[in-house]
1. Within 10 Å, Cβ to Cβ, of Arg474, how many net charges do the neighbouring residues add up to if Lys/Arg are +1 and Asp/Glu are -1?
2. Please list 3J(HN,Hα) in residue order for the range 402-409, calculated via the Karplus relation 6.51 cos²θ - 1.76 cosθ + 1.60 where θ = phi - 60°; whole Hz, with x for glycine and proline.
3. Give, in nm to one decimal, the length gained when the segment between Ile3 and Arg551 is fully stretched (0.36 nm per residue of separation minus the Cα-Cα distance).
4. Determine the distance separating the Cα centre of the range 26-43 from the Cα centre of the range 409-437; give it in Å without decimals.
5. Mind putting a number on the dipole of the range 136-190 about its Cα centre? Charges go on the C-beta only, +1 for Lys and Arg and -1 for Asp and Glu, and I need it in Debye to the nearest 20.
6. Compute the length gained on full extension between Thr516 and Ala385: take 0.36 nm times their separation in residues and subtract their Cα-Cα distance, giving the result in nm to one decimal.
7. What spacing in nm lies between the two simple spin-label points modelled at Thr396 and Lys228, each 7 Å away from Cα in the Cβ direction?
8. Each residue of the range 120-128 in order: what ³J(HN,Hα) in whole Hz does its phi give by Karplus 6.51 cos²θ - 1.76 cosθ + 1.60, θ = phi - 60°, with x for Gly and Pro?
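Every number in this text was worked out from the coordinates using simple rules, so none of it is lab data. Since we're looking at a predicted model, the values are computed, not measured. Quick reminder, even Gly has a Cβ in these numbers, built from the backbone with ideal geometry, and neighbours come from all protein chains shown.
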Amino acid sequence: MEITKGFPATSQDKYQLNVTSIIKHAARNFGPQEIASRRIDGSMFYYTYAEAYNRMKKLATSLKEIGVQVGDRVGVLAWNSHENYEIYFGLPGMGAVMLLLNLRLTPPDLAYVIDHSGANFIIVDETLLPIAHAVAPLCKNIKGYIIITMPGKKLADVETTLENTYSYEDVIAEGSQDFEWPHMDETSAYAACYTTGTTGKPKGVYYSHRDVYLHSCTIGMSTEISPKDTYCQIVPMFHALGWGLSQAATMVGARLVFPGMYTLDSLEGLSKLIVDQKTTLSAGAPAIFMPLLDYIRGLDEKPDLRGARFLSGATEPPASMMKGFWDLTGVEIIHAYGATETTPLVTVNRIMPYVEKELNEDQKWELKKKQGLIVVGLDLKVVDAGGKELPKDGKTPGEVLIRGPWITAKYHDAPGSEAQFTMDGYWRSGDVGTLDENGYLKITDRLKDVIKSGGEWISSVDMENEIMSYSSVREAAVVGITHPKWEERPLALVILREGEENRTTADDIKNHLSKTFAKWQLPDEVLFVDEIPKTSVGKMDKKAIRKQYKRMYS
């Protein structure tokens, strides 16, 4: 990209935009603001921004004392806890790089990430020691482990085979509140997250301090966070910086809630936390929101969460899910779009007043399913196979290309990945989408997931969402399976709601689809299943589905 240099400004342009400025500002201006964190036993821990800030300084001091240096990569295996929040600022604040470790990766893949990054210390929650034990023999350069022990528990009482261990609380206790934060160069790496694509080894994305600072400003503005909000961190903090909302919420002084460990199998505690803590803002994927909605449906008394906004990402939210939350709880589901490579915010779906006045109620819900409007600071275009920009007509699909200050420009030490970036600085997302005349982005598929049947394209995303609009369906996945005559044909996997197993047939699903899809587009087979394969970040693993059913139509 060519840069035009104008008349010199008189601003302090060398003053660095680093993440430490966010927490210093929060402690100074919002010191008494509360932070709530649920412990492993379900009890709640409460403290303030000011108290968290002091612990962050102590952490930074002690990390230096045990040998962590500026530029070192330090792995983190932890839940969504107040300790992890402290690490988010204290570790990068002293100059090291926070390496976010995906708890759901296999030990060989996790060990690859640790070795590839060059990490030399790992901070690990005591409950996650089995993961650390599994990867430790596979890692070459780890000098020590810092264990976040159960409340009140001594390191000596922890059962572990790890060598050179430290207690997180002892590390905090031995630190100093007088720590002077270094003035980090804003282009230094703040954190690293490794992509978990379905092909090849994970690839490293290293976020700069400048990147995260600007992203925090934009996400705060785009989601209208204020000090009156209570933000609950549902997104795993190891996944793309937890989508960046905890930093943005800190920047504006919102009240913070960390749910600790939770699973899809037991949503009672998470639901209770959201209600008890009077949550007004959160974020997550449909993979967590749909089971949460099912749980709420089963409650005799539905929670009143009117005014709350939940950002939904990872995959397009079904209209039935958005309507369900709105009707039962008053929660507005707002679709947002991004990726590990984009920090992740790229678009947010808010219906603009000049668009809303032209739409009826059904059209508004259809619009809310789109990925939304591009946030300030980013460039996005949709191009054909030859790189030509396509018209903004909401109909002509092409690959989505993105560039901007928080979009990765390359993968760390990944020879052969250069083709994923254009000469003029765009990252090739691999997503197929359209832009309409009002600027709303609609992702219709992944390039690798578009179903090619008889020379025509079928959107698996649109078909999945149409299936999930059927009242008895909880979840659905649609993939293209190799076909001897038509190249590919759609296969639909469907999970039904409890009690609907003997009431819904494959023909019911096909008849429902026939209202919006042509007869030739309908899936050849609809299979009712108990589970749909997921990737480590909760997305449908379509590669695994295609492999499992590859002979379905042969």
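1. Residues near Arg474 contribute -3 overall.
2. 9, 8, x, x, 10, 9, 5, 9
3. Working it through step by step, the gained length comes to 191.9 nm.
4. So the two Cα centres are separated by 38 Å.
5. It comes to approximately 340 debye.
6. Gain on extension, Thr516 to Ala385, equals 44.4 nm.
7. About 4.4 nm, to one decimal.
8. Using θ = phi - 60°, the values come out as 10, 9, 9, 9, 9, 5, 3, 5, 9 Hz.
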